[in-house]
Structures are given as C-alpha cells and as structure tokens.
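The structure under discussion appears below in the form of structure tokens.
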Amino acid sequence: MHAPHSIATLLETAESGSYDLVSITGKLECQTFAEKLLIPAFTFFFLMLYPPAWIANSKRRTAGADGGCVLIRPEALASAGSVESIRHEVIDDCSLARMVKRSGGTLYLGVSNLTASVRRYESFAQIGRLISRTAFSQLRRSTVMLLAALLGLTVTYVLPLALSFTVSPLPIPLGVLAWAIHGRLLCSCNQVL
C-alpha cells in the first residue's frame, strides 16, 4: 500500500539527488507471533548487508533495492538491460540495482512509512522459506559462503555480547565498544523519508 503522496516523495528524492533508481523499504506487517519475532531482524540484516550509504556511494560496488517500492528512470532501465535481463533472477530487485550501478547509474535506498507491505507470514515455516530463498540465493547457493556468513554474524553479534559478561576486565570494554560501534553503524545506514 502506498500513502497518497508516496510517489511524489519518490520523485522528489530522485530529483534532489539525481538518482536513477530510488527504492524504499516500507513498513512490514508484524501481526503474527512469527512476524513480530523475525521480520524486524530480517529487515535489520537486510540493511546491514545493504547499507544505504554504501548503495548511494558510486565508489562502492554495493548495490541493492527493495522490490516492494522501486522508482527507476526509463533510460537507466534501458542502460541496465531492461526487465528481461533480470527475469531469471530470484532476487530481481537487488539484481536490477546491481545492473543499474554497473551501467553507471546512481542508487538510493531508504526506509519509509509511506509504503507498507500487505504480505502476511502466518508461520515460522513461511518466514523460513522467505529467508532461505533470498539469503541463500544472495550467497550464490554456496555452503561455504553460508558458513562464512554465519561465522561473521556470530563474531559480530554474539561474541561482543559474550565478552560483555566475562569476569576478566579487558574483554568487557571491548565487548561494549563493539556493541557501541555496531549501534553507530546501524544508525548511519537508515535514511528515512
């Protein structure tokens, strides 16, 4: 669903930053217990994997978009190879963003309440299928990359928390520092419309 002024806001964003592709992560349904528990984490990790500041930076290779809300200039779509070039992709929104960026286009990814997803996930199994379809596809269906990603998540999120509760004096400030840096990174990656 779109707010009445969402398209005007997308156009204003595209014009103000001369962006070729503007995408917004909208408000996601969190009605069921499974949604309340997993959807915020899914969105959080999406924004950590695709930091909006990196996506907007032409010097970085990172490219991503949220297919629920995308505005693209026709000439940028043509330069990227049109919709036909991503028809076979599982994650077509991020593939489109990658092609736009490779062809010299500029990207914007933000977060907004101007759009809302009406898709419901009634069970953990439904959300599990969503995550396995999208995440494993992004890792090029590589078990090695999956294990590396899990190790990275453990080091990034579990290890600092564990260090914060040790009895040794040195790990505690290191754990707290890691969580502070993490919080700062999260705040810097949210561009809200």
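Would it be correct to say that THR62 is in the same structural domain as ARG73 (by TED's automatic domain parsing) and without any contact (Cβ under 8 Å) to a residue 24 or more places away in the chain? Lay out the reasoning, then the answer.
On the way: in the same structural domain as ARG73 (by TED's automatic domain parsing): yes; without any contact (Cβ under 8 Å) to a residue 24 or more places away in the chain: yes.
Taking the combined requirement at face value, the residue satisfies it.
So, in the range 4-59, of the ones that are aromatic (Phe, Trp, Tyr) and outside any loop (DSSP other than H, G, I, E, B), which residue ends up farthest from the chain's Cα centre (by Cα)?
PHE33
Report, by residue number, each residue of the range 135-159 that is more than 17 Å from the chain's Cα centre (by Cα) and either among the polar types (S, T, N, Q) or surrounded by 14 or more Cβ atoms within 10 Å (Cβ to Cβ) (or both).
Matches in the range 135-159: SER142, THR143, LEU146, THR154, THR156, TYR157, LEU159.
Quick one: is LEU114 farther than 26 Å from HIS5 by Cα and modelled with pLDDT under 85?
no
Please work out if THR106 is buried (at least 17 other Cβ atoms within 10 Å of the Cβ), among the hydroxyl-bearing types (Ser, Thr, Tyr) and over 30 Å from ARG120 (Cβ atoms). Lay out the reasoning, then the answer.
Details: buried (at least 17 other Cβ atoms within 10 Å of the Cβ): yes; among the hydroxyl-bearing types (Ser, Thr, Tyr): yes; over 30 Å from ARG120 (Cβ atoms): yes.
Yes.
Please verify whether SER132 is within 30 Å of ALA178 (Cα to Cα), loosely packed, with under 12 Cβ neighbours inside 10 Å and modelled with pLDDT under 85, treating the condition exactly as stated.
Working: within 30 Å of ALA178 (Cα to Cα): yes; loosely packed, with under 12 Cβ neighbours inside 10 Å: yes; modelled with pLDDT under 85: yes.
Yes.
Do any helices (runs of 4 or more DSSP H) entirely within the range 112-181 hold 1 or more residues that are in contact with a Lys or Arg (Cβ under 9 Å, 6 or more places away or on another chain), and if so, which?
Filter on the range 112-181 gives 124-138.
Can you pull out the residues in the range 71-103 that are in contact (Cβ under 8 Å) with a residue 40 or more places away in the chain and buried (at least 17 other Cβ atoms within 10 Å of the Cβ)?
LEU71, ILE72, ARG73, ALA76, ILE91, ASP93, CYS94, LEU96, ALA97, VAL100, LYS101
Name the residue, out of ILE39, ILE55, that is surrounded by 15 or more Cβ atoms within 10 Å (Cβ to Cβ) and at pLDDT 90 or above.
Within the list ILE39, ILE55, the selection yields ILE55.
The values are calculated or read from the model by the stated rules, or taken from the named source; none is laboratory data. Remember, predicted model here, so these are calculated numbers, not experimental data. Ideal geometry is used to build each Cβ from the backbone, glycine not excepted, and the neighbour counts take in all protein chains shown.
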